[in-house]
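Colleague: Quick one: structure below, then a few questions.
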Amino acid sequence: LNLTYKKKRRIAWIVTFVIAILSVFILGGWKLNRKCENVEDYFFNGKNGFSIANDIAVRVECGYNLLTVSDRLSFDTDAVDELRSALTDTQNALTVREYYKANEALTFAFDTLYTQISQSAADESIKRLAAKQADEFSSRLKTIQKDPYNEKALAFNEELNYFPANIIAFLSGTDHVDLFRNGG
Amino acid sequence: LKKFLCMVVSILLLTCSVFTLAVVDPTDSFYVADYANVLDQNTEAYIVAQNDILYADTGAQICVVTVDFTGSDDIDDYAYKLFNDWGIGSAEKNNGLLLLLSVGADDYYALQGSGLENYLSSGDLGDILYTSLEPDFAGKNYDAGVRKTFDALYKRISSIYGIPSGQSSTTSPPYQNEYYYYDSPEQYEHFDASFSIFGMLSGIIRIFIILVVLIIFISAVAGSSTRRVYRGFSPFYRTYYHRPPMHFHYHTMHRPPFGGPRPPFGGSGNGFSPRPGNFSSHSSNGGFSSRGGAGRSGFSGGRSGGGGSSRGGGAGRR
């Protein structure tokens, strides 16, 4: 009798332990996934609607506005095509990494066309229209540079490096989030 | 020795960072700080008086700061630090505005609070600077340039709030229920309501898992331990081993707020919309929407910043 009792008790403890461990990992994995989603969500929705994605959206608007200026000046240069292509790429970006790359290309293409327009436009009002777009465009880049997304992403990635988050992340398939910078 | 070196290095780093972060202090009048000594006293008094009216009506503040140089910081970074250190504008509406002149560097910068971004874009701000400040600034008539720019900015902010510039309004301005708030309690109430279903679901699932574990644990342990122990001679008298009661603490996980009210420009998600070739102005995307009260963090004694913050956009010299 005693032997059976001891055996049963041991099995019960083992089962309990296994279930406890599993629930820790399941709950932990679930929590970690949600944290990861929240960090990524911050990139797109940010705080009170202010986010990097929205700032980039405004930059895209500025880009199209600059194209309109170039149309008015009958500009037909490679810079126009490059900006148009950069705008399309930015609009098609889905991940943080894609956004970063597209934003870099957009900055370059916008600056190139803006320089050409400001140098060649004779009409002061056209110049001012272009300058206004350039102001907004560069202002949004400064805002992006001060956005706390990267800090949040770094903090999350750092957390993933330590126990037990690293084990939980491994089991639940949670990965590091991309940073909005060169190399992700 | 290692510890000592670490301490010394830490102190040095800390000191360096403190020096790097330093911006000029606000003056007693708060609205104007002429450290470069280029403004007339009348202009300073005018800026203060006009700001008193503006702040009383809207919670907005327009600060004018002149410095000789901005040290190791670029003018935009310096303006950003100064804005947030001083807390220009209302904390709830973030509707402050800063005009910074770095006379020694022959540069200037204007920065708006995040609550004004969609009504006074950096493009608009750049335009105002270009027309009102640039001609006088280039001619080193700083006082005249600042006055003209201040008037232009004042007029613009007044028009945003629907107040005739230069006049005090006694009626409630339309911004009172605007939704561009940072950290206002109402906002979190809104988020809580939106995501209470998520919270409830997650809570139910967690309780369910915990209950399952608990039941398995109790049944397994009780099955083996609640055996009969006979005392004395009576076969009907029995006792059980008792386990201490188990206490479970359940913590609900609140989903952090996200996806709140959006600025007018972006639409949802990534916020891209197909664009025709025409111009669009970011500052003309509809009116204010309603939420919450005005909440003037007020003057108790001297003037001070309302606690507003900026995201660091702004416009500078073209």
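Colleague: Can you list which of the chymotrypsin sites (Phe, Trp or Tyr not before Pro) found in segment A:106-184 are DSSP loop residues with at most 14 other C-beta atoms within 10 Å?
Modeller: A:Y162
Colleague: Considering only A:T174, A:T143, A:T16, give the residue with the highest GNM mean-square fluctuation for chain A, with springs between Cα atoms whenever their separation is below 10 Å.
Modeller: A:T16
Colleague: In percent, what relative contact order does segment B:56-137 have, based on Cα pairs under 8 Å that are 6 or more apart in sequence?
Modeller: Computed value for segment B:56-137: 30 percent relative contact order.
Colleague: Do any chymotrypsin sites (Phe, Trp or Tyr not before Pro) in segment B:40-120 lie in a DSSP loop with no more than 15 other beta carbon atoms within 10 Å, and if so, which?
Modeller: B:F69
Colleague: Dividing the convex hull volume of the alpha carbon atoms of segment A:39-106 by its residue count, what do you get in Å³ per residue?
Modeller: Residue-normalised Cα hull volume stands at 65 Å³.
Colleague: Over chain A, with a Gaussian network built from C-alpha contacts below 10 Å, which listed residue (A:S118, A:S70, A:S51) shows the highest mean-square fluctuation?
Modeller: Among A:S118, A:S70, A:S51, the largest mean-square fluctuation in the Gaussian network model of chain A belongs to A:S118.
Colleague: Related question: Can you give the Kirkwood hydrodynamic radius for segment A:1-80, in Å, rounded to one decimal and based on Cα pairs?
Modeller: Evaluated over segment A:1-80, this radius sits at 18.3 Å.
Colleague: Calculate, in whole percent, how much of the Cα-Cα pair population of segment A:104-184 lies beyond 16 Å.
Modeller: Counting pairs separated by more than 16 Å, the tail of P(r) holds 65 percent.
Colleague: Under a 10 Å cutoff between Cα atoms, tell me which one of A:N92, A:N157, A:N38 has the largest fluctuation in the Gaussian network model of chain A.
Modeller: The residue that fluctuates most here is A:N92.
Colleague: Restricting everything to alpha-carbon atoms, can you work out Rg to Rh for segment A:1-160 with a Kirkwood hydrodynamic radius?
Modeller: 1.39
Colleague: Assuming R0 = 22 Å, can you tell me the calculated FRET efficiency for the pair B:Q41 and B:S304, based on Cβ-Cβ distance, to the nearest 0.05?
Modeller: 0.55
Colleague: Extension gain A:E98-A:R128, at 0.36 nm per residue separation less the Cα-Cα distance, in nm?
Modeller: Computed gain between A:E98 and A:R128 is 7.6 nm.
Colleague: Just the Cα atoms of segment A:104-146: what Rg and Dmax do they give in Å?
Modeller: 11.2, 36
Colleague: Let me ask something else. Once label points are set 7 Å from the Cα along Cα→Cβ at both A:R181 and B:V24, what is their separation, rounded to one decimal in nm?
Modeller: Distance between label points: 3.2 nm.
Readers should treat all values here as calculations from the given coordinates under stated rules, not as data from a laboratory. No experiment lies behind these values; they were computed from the predicted model shown. Don't worry about glycine lacking a Cβ; one is built from the backbone with ideal geometry, like all the others, and counts go over all protein chains shown.
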